[in-house]
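The next block holds one structure in the form of structure tokens; read it before the comments.
Values quoted throughout were computed directly from the atomic coordinates according to the rules given, and no laboratory measurement underlies them. Computed from a predicted model, the values in this text were never measured in an experiment. Note that each Cβ is placed from the backbone with ideal geometry, even for glycine, and that neighbours are counted across all protein chains shown.
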Amino acid sequence: MTDQAAPRGGPLVVGLGSPDQGDDAVGLEIARAVEALGLPGVCTAIHEDPTALLHLWEGFDVVVVVDAVMTGRPPGAITVIEVGAGKAQLPPEAWAATGRGGTHAFGLATAVELARVLGRLPRRVTVVGIEAASFAQGTALSPEVAASVDDAVAIVGAVARDRVRSVA
Amino acid sequence: MTHQLKDGSQVLQVGMLARVEGEGGMHIEIKDGVVESVKLNIFEPPRFYEAFLRGRKYTEPPDITARICGICPVAYQSASTEAIEAIAGAVTTPEIQAMRRLLYCGEWIESHSLHIFMLHAPDFLGYDSVIEMAADYGPVVEMALRLKKAGNDLMELVGGRAIHPVNVKVGGFYRMPTKAQMLALRPALERGLEEAFETVKLVSTFDFPDMEQPYEYVALRHPDYYAIERGTVVSTSGVTFPVSEFPKHIKEFHVEHSNALHAKFDDTMYMVGPLARYTLNFHQLSDRCKEAALAAGLGETCRNQFKSIIVRAVELAYAFEEALRIIDGWKDGAAPSVPVGPAKGEGMGASEAPRGIIFHRYVTDENGIIEDAQIVPPTSQNQPSIELDLKTAAQKWVDMDDHALTHLCEHAIRNYDPCISCATHFLDLRIKRS
């Protein structure tokens, strides 16, 4: 696990979020859990800054990004969006599903769409979003979100395994 | 979006002002061609950090306050550590101060490169966002990403994290990075320095609306260097005082339309930020930075807030220079911190956040428990000048159509790189004509 440069190779799983802001940490938790699965060929990384994605995924063809989202669905609900270079640009309203997280008005949506314009978006990018209940400072995951981690890990693991097969 | 109301007045509304941090609103009323009222409505709820700090240990403010903002956490950490150390009478070493300045250079590089290219340049080049801009200016945006990454990497090395550093403590750091680790960043910093000077040249070619404001400028001044991590307070009217006298000169007050406190300096409106720093401390910039600034069309002072993008670019270059200077002069072996025990008293600290002075004040009991805390961030202090800039701009260009005037007003707000999250977060901008 690294928070900067992941080794190049198989699918990359990136957990985004802050470890100290309630459910914002769920992406980090899931990336760590996926790493613990020891899936052959799967690399993992964690980071707080969405702008780092443009460097983190350099050289990777397939990427899974896990992050907390707020869409109005029940806390813990899991949303999966395919946004890779093979897909059309998503309209701004689609990105509402990923919330407004990020650093100083530069969130996941901006990172992905900027990478697409610059030709730096991996061919396949899957965003796995976990509906958050709270981003309160200094708090742990909410019970609903904590309860969804195993399901999310299974989904991310399945997507990554599928990516390994597709890469192979 | 334009609405015609039943009373005949006209409301122009932007549902959310993009490329600023935080949520607030702007209401401009124009009657018979005269701008009658401008209000920056910050309706993000108060975040109560000052209240959270009461009852906490004196060692906790650097970690707690760093969470207030994802783009200027070092500003909070620097001001809070200085304030707590002042209570205990602790004196840090030159090495600790140098490392604090190096960490702060990382924050300036992160913040300025993000704002110059991702948030502000689209205003000048006629794009709604950096995504659209990237289609035509791909190499420029790629350069911006490299600059930002250089800042992130410096923050990660010195601070332990790119966003919310965890290596800062009262008295210094938990550990010092090694010279070898720092030298590994040198190639990227050298490239960043040259690209920062390219940035100065690039932004100097933009078209700048002609609008100068006679505000009182307030900034920190360091005895030896262009102030970043600490200094004494200086102003364009010649008033100079130590940070410990900040509350005597800067008074916060509440206005009904904002959840962020406004402030006055000796009962007058004032401004903090890059223009204030540049105007007050131009003489402390490096010769190369001075030459680049003058070649870019700046004078030794700057009163056109639209040109803040050039000043930020000069400061970006300066931050790279300073980072390289500190790294090159570093010798391993310095103690990472000095001991700071609990003490009863009141202490104050201030630093130059990328968008202006941030001030912290703490009162502790004999066990070092915080009894009172006060945080004055730069965007709060700049609310009145943002409003007056908007009023001046709206009046000066009142004959523009609503779409163009709305865009100009948004641009005028982004000149300040406002961080509403810091000030208390979304702007709903309305122009009403009747």
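Once you have the alpha carbon radius of gyration of the stretch A:12-167, what is it after dividing by 2.2 N^0.38 Å, with N set to its residue count?
0.94
Can you find, among B:THR364, B:GLN284, B:TRP108, the residue farthest towards the positive end of the dipole of chain B? Put +1 on the C-beta of Lys and Arg, -1 on that of Asp and Glu.
Checking the options against the dipole of chain B, the answer is B:THR364.
Below 16 Å, Cα to Cα, which lysines can B:LYS344 reach? Residues fewer than 8 away in the same chain don't count.
B:LYS57
Residues of B:115-128, mean number of Cβ from any other protein chain within 10 Å of their own Cβ, rounded to a whole number?
The per-residue average across the peptide is 1.
Quick one: compute the contact order of the stretch B:102-189, relative version, from alpha carbon pairs under 8 angstrom and 6+ residues apart, as a percent.
That works out to 28 percent.
Eigenvalues of the Cα gyration tensor times 5, then square-rooted: what semi-axes does that give for the stretch B:73-226, in whole angstrom, largest first?
Taking √(5λ) for each Cα gyration eigenvalue gives 32, 21, 13 Å.
May I have the convex hull volume per residue, in Å³, for the Cα set of the stretch B:59-380?
With only Cα atoms used, the stretch B:59-380 gives 130 Å³ per residue.
How many percent of DSSP beta bridges within the stretch B:189-275 run antiparallel, rounded to 5?
85
Quickly rank B:78-89, B:221-232, B:405-416 as a protection proxy: mean count of other C-beta atoms within 10 Å, highest first.
The packing order, highest mean first, is B:78-89, B:405-416, B:221-232.
Defining a contact as two alpha carbons under 8 Å apart and six or more residues distant in sequence, what relative contact order in percent does the stretch B:59-380 show?
26
Answer with one residue from B:ILE71, B:THR240, B:PHE320: the one whose Cα lies farthest towards the positive end of the charge dipole of the stretch B:59-380, charges on Cβ with Lys, Arg +1 and Asp, Glu -1.
Value computed over the given set: B:PHE320.
Along Cα→Cβ, 7 Å out, is where each label goes; now give me the distance between the ones at B:GLU132 and B:ALA334 in nm to one decimal.
Once both label points are built, they end up 4.7 nm from each other.
Using a 7 Å offset from the Cα along the Cα-to-Cβ direction at both B:GLU194 and A:ARG32, what is the distance between the two label points in nm, to one decimal?
Inter-label distance under the simple model: 4.2 nm.
Taking the Cβ of A:THR139 as the centre, find all other residues whose Cβ is under 12 Å away and add up their charges (Lys, Arg: +1; Asp, Glu: -1).
Net charge in that neighbourhood comes out at -2.
Under 8 Å for C-alpha pairs, at least 6 residues apart: give me the relative contact order for the stretch A:12-167, rounded to a whole percent.
35
Would you list which aspartates and glutamates come within 17 Å of B:LYS331, measuring only between C-alpha atoms, while excluding same-chain residues fewer than 8 positions from it?
B:GLU95, B:GLU322
Going down the list B:LYS149/B:LYS290; B:LYS31/B:LYS391; B:LYS149/B:LYS307; B:LYS39/B:LYS307, which pairs span over 18 Å between their C-alpha atoms?
B:LYS149/B:LYS290; B:LYS149/B:LYS307; B:LYS39/B:LYS307
Taking only the alpha-carbon positions of the protein assembly as shown and ignoring solvent, what does the Debye formula give for the base-10 log of I(q)/I(0) at q = 0.05, 0.06, 0.07, 0.08 Å⁻¹?
-0.21, -0.30, -0.41, -0.54
So if we plug the beta-carbon distance of B:ASP287 and B:GLN97 into 1/(1 + (r/R0)^6) with R0 = 35 Å, what FRET efficiency do we get, rounded to 0.05?
Computed FRET efficiency for B:ASP287 and B:GLN97: 0.90.
Between B:ASP372 and A:ALA136, how many nm apart are label points set 7 Å from Cα along the C-beta direction?
The answer from the label model is 2.8 nm.
Among DSSP beta bridges whose residues both lie in the stretch A:12-167, state the antiparallel percentage, nearest 5.
Antiparallel: roughly 25 percent of the beta bridges in the stretch A:12-167.
Which value, in debye to the nearest 20, describes the size of the charge dipole of the stretch A:12-167 about its Cα centre when Lys and Arg Cβ atoms bear +1, Asp and Glu Cβ atoms bear -1, and nothing else is charged?
600
Of the beta bridges DSSP finds with both residues in the protein assembly as shown, what % are antiparallel, to the nearest 5?
65
Starting from the Cα-Cα distance between B:LYS344 and B:LEU125, subtract it from 0.36 nm times their residue separation and give me the gain in nm to one decimal.
My answer for the length gained is 73.4 nm.
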